[in-house]
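Colleague: Starting off with a structure, shown below.
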Protein chains: 2
Amino acid sequence: MNSNLHNLLGYAAGSISMISFIPQVYKTWKIKSAKDVSIQMFILYTTSTFLWIIYGFTSNQYAIWIPNTIVLFLSITQVILKIKYDMRDKKEQKLKDNK
Amino acid sequence: MNSNLHNLLGYAAGSISMISFIPQVYKTWKIKSAKDVSIQMFILYTTSTFLWIIYGFTSNQYAIWIPNTIVLFLSITQVILKIKYDMRDKKEQKLKDNK
């Protein structure tokens, strides 16, 4: 495969990986709930994204480190929203139990 | 960064990306619900993973295409489970509405 096409493929794959996180962060923000979402997934994913950034940066593979920098931001946002809404649910549950 | 270390970084990043999907698939399977999970995320992620496999395969980057082949399987599994449990929820909702 010629290198231009190969670079294009990398940009496409990276951009779609990046875009794929937006619907989940949006859905969590909209419905104000992430009960069914696994926090372990997003903590692990944040870690791997961080490593991909170093991998791509140290080998000048823009197709890898640029999209992953944005995914890192989205993944951290998802972790924060998940913790926020799970803590709210726990508080509400406690109030109900104490009634 | 020397190439061995760089390869190691790629394997680590790829393996953690791969592992990160297991808790989400397991959680969905265990609680039999994926209401809060975004299907658009996993459909987009399946697409990007497929492109990463071609990207890595055509440039002999094992650190990219091997983990992504497993992620593809996990991502498709998540889409199937999500559809399955959402359809069951819809059916149950219809039964309740018809009572």
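Colleague: If I compute solvent accessible area with a 1.4 Å probe over the protein chains, what percent of it on the stretch B:3-98 is carbon and sulfur?
Modeller: 70
Colleague: Treat every Asp and Glu Cβ in the protein assembly as shown as -1 and every Lys and Arg Cβ as +1, leave all other atoms uncharged, and give the resulting dipole magnitude about the Cα centre to the nearest 20 debye.
Modeller: About 1240 debye.
Colleague: Still on this structure, I have one more. In the protein assembly as shown, if the dipole is taken from +1 on Lys/Arg beta carbons and -1 on Asp/Glu beta carbons about the Cα centre, which of A:Met87, A:Ser20, B:Ile39 is farthest to the positive end?
Modeller: Most positive-ward Cα: A:Met87.
Colleague: Now a separate question. Give the distance, in whole Å, between the Cα centre of the stretch B:37-99 and the Cα centre of the stretch A:35-51.
Modeller: 16
Colleague: Going by alpha carbons, how many degrees (0 to 90, nearest 10) lie between the helix axis of A:39-57 and the longest principal axis of chain A?
Modeller: For A:39-57 against chain A, the angle is about 20 degrees.
Colleague: Now for a different question. With n ≥ 4 as the cut-off for DSSP H runs, can you work out [θ] at 222 nm for the protein assembly as shown, using -39500 (n - 2.57) per run divided by the number of residues, rounded to the nearest 500?
Modeller: The helix-only estimate for the protein assembly as shown comes to -31000 deg cm²/dmol at 222 nm.
Colleague: Related question: Whole-Å semi-axes of the protein assembly as shown's equivalent ellipsoid, largest first, each the root of 5 times a Cα gyration tensor eigenvalue?
Modeller: Details: eigenvalues 240, 70, 36 Å².
Rounded to whole Å, the semi-axes are 35, 19, 13.
Colleague: To the nearest 20 debye, what charge dipole does the stretch B:3-98 have about its Cα centre, counting +1 at the Cβ of each Lys and Arg and -1 at the Cβ of each Asp and Glu?
Modeller: 480
The values are calculated or read from the model by the stated rules, or taken from the named source; none is laboratory data. Treat the numbers as computed from the prediction; the structure is a model and nothing was measured. Every residue, glycine among them, receives a Cβ derived from its backbone with ideal geometry; neighbour counts consider all protein chains shown. In case anyone asks, the SASA skips ligands and DNA or RNA and just uses the protein heavy atoms, side chains included. Shrake-Rupley method; radii C 1.70, N 1.55, O 1.52, S 1.80 Å.
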